[in-house]
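Scroll down for the structure; my scribbles are underneath it.
Readers should treat all values here as calculations from the given coordinates under stated rules, not as data from a laboratory. In this text the structure is predicted, and so the values were computed from the model without any measurement. Please note: Cβ atoms are built from the backbone with ideal geometry, for glycine as well, and neighbour counts cover all protein chains shown.
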Amino acid sequence: MSLLNITFRSMTNSPAIKYQITKYFNKINRLYSKITYCRVVMDVLHKHSNKGKMFSVNIAVIIPGKEIVSKKQDKNIYVAMHGTFDAIEKLLERHCKRSPVVFDKRQIEYKNDVLGEISSAVV
């Protein structure tokens, strides 16, 4: 199963858009490697009387224990895509800062042993 799923609704499949999505996804995947799944839905909203054709980009990123979702709309599909991925990146950063660091018990014991040896050698 692929980590990235791209869906086009009410619009044709575009290799250029797929390339940009893959590029943005690879960037956030490098920053946060624990992503288990990412769903990107590209949609054309019904023609709005004042704004004309509007594009909607909806991204859902699944990480262990949480699903992070962002949705943006714009007249330009690339602006909507960039804004959505930027929002996801910020949400992932915020999640990384909040989540507690879990240490392996062996790592803590090793650090205590090493610190004990260093302090006894200094004295």
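Below is a table of values for the structure above.
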| read-out | value |
| --- | --- |
| Neighbourhood charge, 11 Å Cβ-Cβ cut-off, centred on V41 and excluding it, Lys, Arg +1 and Asp, Glu -1 | +2 |
| Environment charge at I17 (Cβ cut-off 13 Å; Lys +1, Arg +1, Asp -1, Glu -1) | +2 |
| For peptides 55-64, 15-24, sequence by mean Cβ density within 10 Å, most packed first | 55-64, 15-24 |
| Sum of side-chain charges, V69 neighbourhood, beta-carbon under 15 Å (Lys, Arg +1; Asp, Glu -1) | +2 |
